[in-house]
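The values are calculated or read from the model by the stated rules, or taken from the named source; none is laboratory data. Keep in mind the model is a prediction, meaning the values are calculated, not measured. Glycine also receives a Cβ, built like all others from the backbone with ideal geometry; neighbour counts cover every protein chain displayed. Heads up: the accessible areas ignore ligands, DNA and RNA and are worked out on the full protein's heavy atoms, side chains in. Shrake-Rupley method; radii C 1.70, N 1.55, O 1.52, S 1.80 Å.
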Amino acid sequence: MKNDLVNSKFKEYIASLKGCDGGNIQSKIWFCGIEWGDTIDLSFDPGYSFIKIEGFDYIPYFDTEVYIKYPLMLNSKVNLKISKIMSFLRSKVLDLNIAKKYLRDDFCRLEGDMFKLNLFPLPFPYDSDTLWNIDIFEKTGIPTKEIYRVECIQNRFPIFQNAVTKFKPALVICFGSSYRNYYIQAFSELDNIFKNNKNIKLGSGKNIEIIEGQTTLVIAPFFGGPKGLNSDQDIVEISKIVSNYLKM
């Protein structure tokens with residue numbers, strides 16, 4: 001019985017916007033990654049501030065205390081790269097100090113200009129199915145990470161689709177090209193999996209896929225790693241792509 005109760009709570013956790021950093025859900029620009037890159041945490045409660053809007057009981061955002069609770073977030077390379085993109089869109093220059101200020105003062109804020117999600121709600125230090133262990137199984141009732149992803153497709157992705165329909169972001173910028181099909185299932189029409197969508201090659205040779213629509217998906221490589229978006233030039237180029245679509 002105890003395990004059944006935990007499984008029920010975990011299903012509720014999956015079928016929500018928990019496991020996301022959030023921000024202003026009514027903004028034009030959303031970002032989405034795979035999962036939090038952090039130590040495995042099975043508390044199912046990040047302790048973020050949140051609001052409720054009809055149809056959504058949990059919409060998280062960063063308050064003024066977030067970096068006191070989670071000081072390492074200020075060192076997140078992913079969050080800094082997102083901040084570089086957002087500060088470039090404001091100032092049209094890439095400046096590290098401006099980006100750091102954006103990260104500190106504006107990133108994922110309730111009255112800000114962006115919203116950040118994760119496909120999957122549990123944090124892991126790196127992307128590997130081998131990290132799924134007996135402790136996670138006993139807490140969730142799910143024996144493998146593969147089955148966990150299926151649970152998210154069935155119960156979490158419809159929440160994302162409903163959010164896109166209700167709040168109508170102009171762009172969802174997704175990082176992790178190998179998760180392309182998951183991003184399409186979460187934010188777009190399923191037939192886009194099979195279409196030859198627009199592709200833009202950056203100067204570094206890295207590919208950006210564009211799936212145009214009322215909400216346009218920008219699917220980019222990881223914001224890090226040997227094959228990811230690592231240079232400031234990559235950040236400037238993807239920022240200009242984003243800027244062009246915001247003008248349309």
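A few points about this structure:
- Under-5 Å amide H pairs with residue 32, H placed in peptide plane, nonlocal only: 117, 173, 174, 175
- Highest to lowest packing among 57-69, 36-48, scored as the average C-beta count within 10 Å: 57-69, 36-48
- For the chain, the longest principal axis of the alpha carbon atoms and the long axis of helix 2-14 meet at an angle near 20°.
- For region 197-242, the Cα-based Rg and Dmax, in that order, read 10.5, 33 Å.
- Applied to region 82-92, the Karplus parametrisation 6.51 cos²θ - 1.76 cosθ + 1.60 on θ = phi - 60° returns per-residue 3J(HN,Hα) values of 4, 5, 5, 4, 5, 6, 5, 4, 7, 9, 6 Hz, with x for Gly and Pro.
- Averaged over residues, the count of other Cβ atoms within 10 Å places the peptides 150-162, 88-100 in the sequence 150-162, 88-100, highest first.
- The modelled label-to-label distance for the pair residue 137/residue 95, using points 7 Å beyond Cα in the direction of Cβ, is 5.4 nm.
- Computed [θ] at 222 nm, deg cm²/dmol, the chain (DSSP H ≥ 4; -39,500 (n - 2.57); rounded to nearest 500): -11500 deg cm²/dmol
- Long-range tail of P(r) for region 1-112 (Cα pairs > 23 Å, %): 34 percent
- Rounded Å value of the spacing that divides the Cα centres of region 151-200 and region 106-141: 17 Å
- Antiparallel bridges, percent of DSSP beta bridges restricted to the chain (to nearest 5): 45 percent
- Beta bridges from DSSP with both residues in region 1-139: antiparallel share about 50 percent, rounded to the nearest 5.
- Given (i) 99, 51, 30; (ii) 53, 42, 34; (iii) 57, 44, 39, the label whose value is Cα extents along the principal axes in Å derived from this model: (iii)
- A simple packing score, the average count of other Cβ atoms within 10 Å per residue, orders the peptides 196-208, 8-20 as 8-20, 196-208, with the highest score first.
- Ranked from largest, the principal axis spans of the Cα set of region 123-220 equal 43, 36, 22 Å.
- Gain on full extension, evaluated as 0.36 nm per residue between residue 147 and residue 240 minus their Cα-Cα distance, stands at 29.7 nm.
- Placing +1 on the Cβ of every Lys and Arg and -1 on the Cβ of every Asp and Glu, with nothing else charged, gives the chain a dipole about its Cα centre of roughly 740 debye.
- The chain, accessible surface, carbon-and-sulfur percent (1.4 angstrom probe): 53 percent
- Sequence-ordered 3J(HN,Hα) estimates for region 158-170 from the Karplus curve with 6.51, -1.76 and 1.60 and θ = phi - 60° stand at x, 5, 4, 4, 5, 5, 4, 5, 6, 9, 6, x, 6 Hz, glycine and proline given as x.
- Table column - 3J(HN,Hα) (Hz), region 53-62, Karplus curve with 6.51, -1.76, 1.60, x for Gly and Pro: 10, 3, x, 9, 7, 8, 10, x, 7, 7
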